[in-house]
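The values are calculated or read from the model by the stated rules, or taken from the named source; none is laboratory data. Quick caveat, the model's predicted, so the values are computed rather than measured. Counting neighbours? That spans all protein chains shown, and the Cβs are built from the backbone with ideal geometry, glycine included.
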Amino acid sequence: MENKIINGVTVEMSSGNIYADLNLKDAEKQKVKSGLAIEIIKNIRRLGLSQTAAGERMGISQAKVSNLLRGDFTNLSERKLMECLNRLGCDIEIVIKPSASHTGHLKLA
């Protein structure tokens with residue numbers, strides 16, 4: 001990562017994955033899960049659903065919806081997050097293509 005000085009303050013620029021920047025385990029997985037969680041939150045708001053109604057629609061408890069809205073999605077798998085998005089009326093498309101580097105990357109568009 002690169003450091004820049006902004007208004008006299010040294011700022012460390014992100015790699016684009018805050019989980020990797022913090023050296024957290026499963027950084028790529030956490031980045032994908034957080035992207036899915038953000039989309040769920042956007043769609044709950046778009047549909048104007050209460051936590052109870054959102055939970056019923058997604059097939060999870062109101063408590064898990066509350067956690068999700070507070071940024072805690074550790075108790076939900078990527079598959080369950082995708083299922084929640086489907087139940088909120090979203091299509092999910094996974095595109096697989098050759099990578100320019102030796103190791104591919106996960107990306108949520």
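Quick one: is ILE60 at pLDDT 95 or above, assigned to a loop (DSSP other than H, G, I, E, B), on the phi < 0 side of the Ramachandran plot and not basic (Lys, Arg)? Against the criterion (at pLDDT 95 or above, assigned to a loop (DSSP other than H, G, I, E, B), on the phi < 0 side of the Ramachandran plot and not basic (Lys, Arg)), ILE60 qualifies. Of all residues in region 75-109, those that are more than 23 Å from SER15 (Cβ to Cβ) and not hydrophobic (A, V, I, L, M, F, W, C) total 10. Taking every residue in region 24-43 that is over 13 Å from ASN86 (Cα atoms) and pairing it with any residue that is crowded, with 17+ Cβ neighbours inside 10 Å and modelled with pLDDT of 80 or more, at least 6 positions away or on another chain, the pairs with Cβ-Cβ distances below 6 Å are LYS33/PHE73.
Please work out which residue is nearest to ASN75 (Cα to Cα), limiting yourself to region 1-57 and to residues that are basic (Lys, Arg) and modelled with pLDDT under 95. Of everything passing the filter in region 1-57, LYS33 is nearest to ASN75 (Cα to Cα).
Scanning region 88-102 for residues that are touching a residue at least 40 places away in the same chain (Cβ under 8 Å) and of a type outside the set (Gly, Ala, Ser), we see that the one that is farthest from LYS31 (Cα to Cα) is LEU88. Annotation: of all residues in region 58-104 being among the charged types (D, E, K, R) and within 16 Å of ALA37 (Cβ to Cβ), the one that is surrounded by the most Cβ atoms within 10 Å (Cβ to Cβ) is LYS64.
Name the one entry in ILE38, ILE44 that is of a type in the set (A, V, I, L, M, F, W, C), under 15 Å from the mean Cα position of the chain (by Cα) and surrounded by fewer than 16 Cβ atoms within 10 Å (Cβ to Cβ).
Numbers: ILE44 fails: surrounded by fewer than 16 Cβ atoms within 10 Å (Cβ to Cβ).
Within the list ILE38, ILE44, the selection yields ILE38.
If you go through region 68-87 and keep only what is free of Cβ contacts under 8 Å to residues at least 12 places away in the same chain, part of a helix (DSSP H, G or I) and of a type in the set (D, E, K, R), you end up with just ARG79.
Among the residues of region 2-15, is any more than 18 Å from GLY104 (Cα to Cα), in contact (Cβ under 8 Å) with a residue 12 or more places away in the chain and not in a loop (DSSP other than H, G, I, E, B)? No, that holds for no residue. Take VAL65 and decide whether it is touching a residue at least 60 places away in the same chain (Cβ under 8 Å) and either in a helix (DSSP H, G or I) or basic (Lys, Arg) (or both). It is false that VAL65 is touching a residue at least 60 places away in the same chain (Cβ under 8 Å) and either in a helix (DSSP H, G or I) or basic (Lys, Arg) (or both).
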